[in-house]
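Data block below; observations after.
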Amino acid sequence: MSKKIVVLDGYTENPGDLSWDALGTLGDLTVYDRTPNDLIQERIGDAAYVYTNKTPMTREIIENAPNLEFIGILATGYNIVDVEAAKEKNIPVCNVPTYGTTAVAQYVFALLLEVCHHVSHHSEAVKEGRWTENADFCFWDYPLIELLGKTIGIVGFGRIGQAAGAIAKAFGLDVLAYDEYPNDEGRAIGEYVELDELLAKSDIISLHVPLFPSTEHIVRKENIAKMKDGVIIINTSRGPLVDEEDMVEALESGKVYYYATDVASVEPIKADNPLLKAKNCIITPHIAWAPKESRQRLMDVAVDNLRQFQAGNIVNAVNM
Ligand code: NAD
């Protein structure tokens, strides 16, 4: 009899446009769209292989899963799993280290170009009849911004930061970068500078550092004061990189012209998040990673992680 595979929260990875069939060839598969905390243990039951994206696997859950051999993460981040508890039981926790670099870098420019042109707003205005009734052959409701010759400062020049930098160059932007560990690939794309210099010289700042205690609120009042007046800030990394209260103040005063973000301090965003009512703020629901191509890549690696495990090879383990 084949061993059981349980996917605890498969919906965001595959809302129906991909196939779980490849995973189904590796065992007796059950996929749940999402699993509330009080059902996690029951649903894992006597499964050998469990996949999670954001459903927590605590020490207690891991210790009480009698047949558990392998934990797969349907993402890169694995902070929802007690990896030490898994290690003590010799259970590898295997993630997908990269799958969305291109998608997230592309999304930086989806946000930035929206700030520059407000395409959806102008399309809506046309459909409301405003062009038909317009005295001139064109109209626009926001300043339209050309990128050529402006400076983008990329905070965190790793995989996504460098991919965004390469796209920025194609727009004719000058690229400044700040990273703890400069490398030659980065030097070929942009100029490494200290954070303060980047803040002072950039017309656009794009955040790509991971969230660590050292990077939490890297955008806060004190650092915003060092930026150019009217700076545009793009965040496709993590919400807590930005002090949202300070950001709202800076948007209201015009110090920051636009904050375009795919992430929030708490997700899903809370109804009382002050950004929801702030001036000049674009917020999308953490979708930069999620084009189908990117999710398929994630699926392929996640499935291969188990296939390799069954063949006696541990790949992409974060705890051993
Ligand atoms: P990466 O590890 O390749 O790059 C991160 C870079 O940040 C590294 O070069 C590292 O040296 C640098 N860094 C770390 N701490 C620093 C510090 N204190 N000061 C300066 N530099 C520092 O990661 P990546 O693949 O480019 O991903 C970046 C982030 O993007 C992830 O951590 C994640 O938060 C976010 N992300 C978001 C989405 C989305 O859908 N919105 C999807 C994937 C990743």
Accessible area, probe 1.4 Å, largest first, for residues Glu293, Glu244, Glu124: Glu293, Glu124, Glu244
Accessible surface of region 101-283, 1.4 Å probe, proportion on carbon and sulfur as whole %: 54 percent
Net charge of Cβ neighbours under 14 Å - reference Leu147; Lys, Arg +1; Asp, Glu -1: -2
Size of electric dipole in region 101-283: Cβ of Lys, Arg +1 and of Asp, Glu -1, about Cα centre, debye, nearest 20: 200 debye
Per residue accessible area in Å² of the chain, where ligands, DNA and RNA are left out and the probe is 1.4 Å: 49 Å²
Over 19 Å between alpha carbons, listed pairs Lys201/Lys221; Lys169/Lys292; Lys169/Lys279: Lys169/Lys292; Lys169/Lys279
Estimated dipole of the chain in Debye, rounded to 20 [Cβ of Lys and Arg +1, of Asp and Glu -1, Cα centre]: 440 debye
Residue (of Val31, Leu211, Tyr11) at the positive-pole extreme of the chain, dipole from beta-carbon charges: Val31
For the chain, fraction of C-alpha pairs farther apart than 36 Å, in %: 30 percent
Region 50-209, dipole about Cα centre (Lys/Arg Cβ +1, Asp/Glu Cβ -1), debye to the nearest 20: 420 debye
Dipole of the chain, positive end: most advanced residue of Leu173, Leu275, Ile145 [Cβ charges, Cα centre]: Leu173
Rounded Å value of the spacing that divides the Cα centres of region 13-42 and region 93-130: 29 Å
Rounded accessible area of Glu252 (nearest 10 Å², 1.4 Å probe): 100 Å²
Accessible surface of Lys127 - all protein chains present, 1.4 Å probe, nearest 10 Å²: 150 Å²
Charge-dipole axis of the chain as Lys and Arg at +1 and Asp and Glu at -1 on Cβ define it, positive-most pick from Leu112, Asn316, Ala22: Ala22
Probe 1.4 Å - accessible area at Asp196, Å² to nearest ten: 80 Å²
Protection proxy ranking of 19-28, 47-56 - average other beta-carbon atoms within 10 Å, highest first: 47-56, 19-28
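The values are calculated or read from the model by the stated rules, or taken from the named source; none is laboratory data. None of the values given here were measured: they were computed from a predicted structure. All Cβ positions, glycine included, derive from the backbone under ideal geometry; neighbour counts span all protein chains shown. We work out accessible area using only protein heavy atoms, side chains counted, and drop any ligands, DNA or RNA first. Shrake-Rupley method; radii C 1.70, N 1.55, O 1.52, S 1.80 Å.
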